[in-house]
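Notes to accompany the following structure.
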Amino acid sequence: MKLPQAFINRTALLLGDSFSLFVDALQLPAPTSIRINPAKIFHTPQLEQVPWSSRGYYLPERPLFTLDPLLHAGAYYVQEASSMFLEQIVKLYIPQAVKMLDLCAAPGGKTTHLLSLLHPDSLLVANEYVRSRAYILSENIQKWGHSNVLVSNNQPEDFTPLSSFFDAVLVDAPCSGEGMFRKDAGAIEEWSVANVEKCVARQRSLLKDVWPSLKNEGILIYSTCTYNRDENEHAVKWIMEELGAELLSVKIDEAWGVTPTDFGYRFYPHKTKGEGLFMAVLRKTNTEQCLRIKTDKKKISFTKQQLDVEPFIVQSQNYVFQNFGNKIIAFPSYQADSIQFLLKQLQVLQVGIFLMECKGKDLIPQAGLALSVSLNRTNCETAALDWHTALLYLRNENIQLPSSPKGFVLVCYKNKALGWVKNLGNRCNSLYPSEWRIRMTIPPDAIENSFLSKLLHE
Ligand code: SAM
């Protein structure tokens, strides 16, 4: 690995005597870790745990994740271990039901983690300003299966008018990516002092834009995957002085190897088993006017099609069913006012669960419904697929289910739903979203990864 000279000079100054240990660690392979979905995996895998996360585990080797149907079922997320430190902050500072914004959310590592961590009555707004990445975010969120989420595709400045709307905001900022050098050679090529300066300006601009949308006393979590102080400690100091916030501390166990600094927490590859990360938590201290959402007490009445889909959701009385383009969606009724408000303010790509697409009089079940943890399986025909057939399905190839009844069938692998087919008897029409399909050809000698399937199968 050839590191840019200016990076060497700057980081050597920052790390002093431990710089050579840091460089040595960069030559080692990056550890592989996953975070399981507690709403889909109910047992504890026998694996080395990520010390700062109750759902994070290291794998002894990196499997070919694409060929594991359980990944596509949202049973786990492949996530670098340091990022899972988010859990410590949420447990400490966001225990109650909140409205939270994840401003820079794609591809969804921290969003899916937040969905597992937040109080279930919370509403999480996951925003990504690059449109193509916002669709990937939505795919990963649908696979995770939670309904208390809204995905938007907005610029940070679009949140400025949402004055004091959020109780908590996560800014996982676009950064110079120094902490990713070991995993991503492209990050080394893109690195320059000028780029660090550009990142600093961008971070301050988006923090300033989003700041009015955070309530007074609200929690801001700021993180980057870079080492230089300009994008980290200096950014936090700037937030405190210019925007108005106090720094909060997080309890850490010395054995974790996390490095506390004057303005946050650092993860170095020679001290912690993970990639480079900086994370800080602040509480907003300045005062602002609170935005009041007008509550519309109008009784909600459902159309016939909306009523037809109700049996597919458990505890459907707790949901609002609504049309969204040509789809019927369901979202938690306790967040209905906030959602209706956000639908008018933001460029929304997804709210809650995509249930059905309306095609004339027909209702076509959606992948989001199959993958939802609120799906009422007792009202569905299901079929168990073996590993190879599951992969054919995920590649959008035709499969056959001769022993299943005709009509819509939920296809599962190891009891985890993957999606729907329409069974015609001699063949099935796949209803798996074509943009989600696995593009990789299955190597003829590929076999089921017994390690992952044993690990995650109860
Ligand atoms: N939070 C994500 C996760 O855990 O999976 C990773 C987010 S990544 C560090 C930063 C994100 O910010 C990228 O998805 C990128 O597209 C987005 N981004 C880049 N420039 C931005 C800008 N000017 N404003 C808002 N977001 C931006």
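The values are calculated or read from the model by the stated rules, or taken from the named source; none is laboratory data. No experiment lies behind these values; they were computed from the predicted model shown. So basically every Cβ, Gly included, is an ideal-geometry build from the backbone, and we count neighbours across all protein chains shown. Surface areas here come from the heavy atoms of the whole protein model, side chains and all, with no ligands, DNA or RNA. Shrake-Rupley method; radii C 1.70, N 1.55, O 1.52, S 1.80 Å.
For Tyr319, the residues 5 or more places off, or on other chains, whose built amide H falls under 5 Å of its own are Ser333. The Asn426 and Ile364 beta-carbon pair, evaluated with R₀ = 25 Å, returns a calculated FRET efficiency of approximately 0.75.
Proximity of backbone amide H atoms, modeled 1.01 Å from N, is registered between Phe324 and Ile329 at under 5 Å, excluding neighbours fewer than 5 places apart on the same chain. Overall, the accessible surface of the chain at a probe of 1.4 angstrom is composed of carbon and sulfur to the extent of 50 percent.
Across region 166-246, counting alpha-carbon atoms alone, Rg and Dmax equal 13.4, 41 Å. I want the local charge near Thr111. Using Cβ-Cβ distances under 14 Å, sum +1 for each Lys or Arg and -1 for each Asp or Glu among the other residues. With Lys, Arg at +1 and Asp, Glu at -1, the neighbours total -1.
Measure up Lys99/Lys359; Lys304/Lys414; Lys143/Lys327; Lys327/Lys414 against 24 Å on the Cα-Cα distance and list the ones that go over.
Numbers: Lys99/Lys359 34 Å; Lys304/Lys414 35 Å; Lys143/Lys327 18 Å; Lys327/Lys414 29 Å.
From Lys99/Lys359; Lys304/Lys414; Lys143/Lys327; Lys327/Lys414, over 24 Å: Lys99/Lys359; Lys304/Lys414; Lys327/Lys414.
Note on region 322-373 and region 231-258: Cα centroid distance 37 Å, given to the nearest whole angstrom.
Only loop residues by DSSP count here, and only those with at most 14 other Cβ atoms within 10 Å; note down the chymotrypsin sites (Phe, Trp or Tyr not before Pro) in region 42-113 that meet that. Mind showing how you got there, number by number?
Working: sites: Phe42, Trp52, Tyr57, Tyr58, Phe65, Tyr76, Tyr77, Phe85, Tyr93; in loops: Phe42, Trp52.
For chymotrypsin sites (Phe, Trp or Tyr not before Pro) across region 42-113 that sit outside H, G, I, E and B with at most 14 neighbouring Cβ atoms in 10 Å, the list reads Phe42.
Taking the C-alpha atoms only, the angle from helix 193-210 to the longest principal axis of the chain is near 60 degrees.
Tell me, what is the FRET efficiency for Ser18 and Asn379 to the nearest 0.05, using R0 = 45 angstrom and their Cβ-Cβ distance as r?
Details: r = 59 Å, r/R0 = 1.31.
According to the calculation, E is roughly 0.15.
Taking θ as phi - 60° and the Karplus parameters 6.51, -1.76 and 1.60, the scalar couplings of region 314-319 work out to 6, 6, 4, 4, 8, 10 Hz in sequence order, x denoting glycine and proline. Here's the list of lysines a cross-link from Lys2 could span, going by alpha-carbon distance under 19 Å and ignoring same-chain residues fewer than 8 apart: Lys183.
Backbone phi angles across region 110-127, fed through the Karplus curve with coefficients 6.51, -1.76 and 1.60 (θ = phi - 60°), yield HN-Hα couplings of 6, 4, 5, 5, 4, 4, 6, 8, 5, 3, x, 8, 7, 10, 10, 9, 9, 10 Hz in residue order; Gly and Pro are listed as x.
Between Leu28 and Asn9, the simple spin-label model (points 7 angstrom out along Cα→Cβ) gives 3.0 nm. Rolling a 1.4 Å probe over the protein heavy atoms gives the chain an accessible area of 44 Å² per residue. At the listed q of 0.13, 0.17, 0.22 Å⁻¹, the Debye profile of region 100-176, built from one uniform point per Cα, gives log10 I(q)/I(0) equal to -0.34, -0.59, -0.98. For a paramagnetic label modelled at 7 Å from the Cα of Glu357 toward its Cβ, which residues of region 392-428 fall within the zone defined by backbone nitrogen distances under 18 Å? Under 18 Å, as judged by backbone N against the label point of Glu357, lie 393-399, 407-411, 418-424, 428 of region 392-428. In order along region 147-158, the Karplus-derived 3J(HN,Hα) couplings, from 6.51 cos²θ - 1.76 cosθ + 1.60 at θ = phi - 60°, round to 9, 8, 9, 10, 10, 10, 10, 10, 7, x, 5, 5 Hz, and Gly and Pro are given as x.
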